[in-house]
1. Which value results for Rg/Rh of region 39-124 when Rg is the Cα radius of gyration and Rh the Kirkwood radius based on the inverse mean 1/r?
2. Comparing Lys110, Lys42, Lys75, which has the greatest mean-square fluctuation in the GNM of the chain with Cα pairs linked when under 10 Å apart?
3. Rounded to the nearest 20 debye, what is the charge dipole size of the chain about its Cα centre when +1 sits on each Lys and Arg Cβ and -1 on each Asp and Glu Cβ?
4. On average, how much accessible surface per residue is there in the chain, in Å², for a 1.4 Å probe, leaving out ligands, DNA and RNA?
5. How big is the shadow of the Cα convex hull of region 10-76, averaged over all directions, in nm²?
6. Once amide H atoms are built 1.01 Å from N in the peptide plane, which residues 5 or more positions from Leu85, or in another chain, come under 5 Å H to H?
7. Using Cα pairs closer than 8 Å and at least 6 residues apart in sequence, work out the relative contact order for the chain, in percent.
8. What's the center-to-center distance, using Cα atoms, between region 58-85 and region 2-33 in Å?
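The values are calculated or read from the model by the stated rules, or taken from the named source; none is laboratory data. All figures in this text were calculated on a predicted structure; none of them were measured in a lab. FYI the Cβ positions are ideal-geometry reconstructions off the backbone, even for glycines, and counts take in every protein chain you see. In case anyone asks, the SASA skips ligands and DNA or RNA and just uses the protein heavy atoms, side chains included. Shrake-Rupley method; radii C 1.70, N 1.55, O 1.52, S 1.80 Å.
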Amino acid sequence: VQLQASGGGLVQAGGSLTLSCAASQGTFSTVIMGWFRQAPGKEREFVAGISARGGSIDYADSVKGRFIISRDNDKNMVYLQMNSLKPEDTAVYYCAADSAIWGYRRVWNKYNYWGQGTLVTVSS
């Protein structure tokens with residue numbers, strides 16, 4: 001699976017952005033998709049995950065209630081709608097894919113396929 005993330009940019013606190021991740025090759029509908037982020041000087045952290053058919057979804061506590069992950073298997077796309085953005089959401093956001101079991105969805109090194117990252121900057 002090859003992944004291409006897009007949609008990052010500069011937004012004011014309280015604003016919204018929607019990130020997209022396009023997948024090509026492979027069997028997209030069989031893989032778990034995750035969004036991770038990495039701020040300068042910090043470790044990569046889990047943001048959200050969605051199971052292969054979208055029936056299970058998980059969010060980090062820091063984004064729960066503000067972010068929404070979704071996928072369209074017909075279009076090989078996964079999305080991260082980010083609302084009520086805060087300056088602490090500033091980071092490079094990565095989409096990731098793997099066929100690993102759902103129990104490892106929050107563990108970044110369990111994902112074998114990664115997009116190139118898209119920068120989200122939230123100004124105060």
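1. With Rg and the Kirkwood Rh in hand, the quotient comes to 0.94.
2. Ranking Lys110, Lys42, Lys75 by mean-square fluctuation puts Lys42 first.
3. 80 debye
4. On the way: 6340 Å² over 124 residues.
Value returned for the chain: 51 Å² of accessible area per residue.
5. Answer in nm², one decimal: 5.7.
6. Correct list: Gly14, Gly15.
7. The normalised contact order for the chain reaches 36 percent.
8. 9 Å
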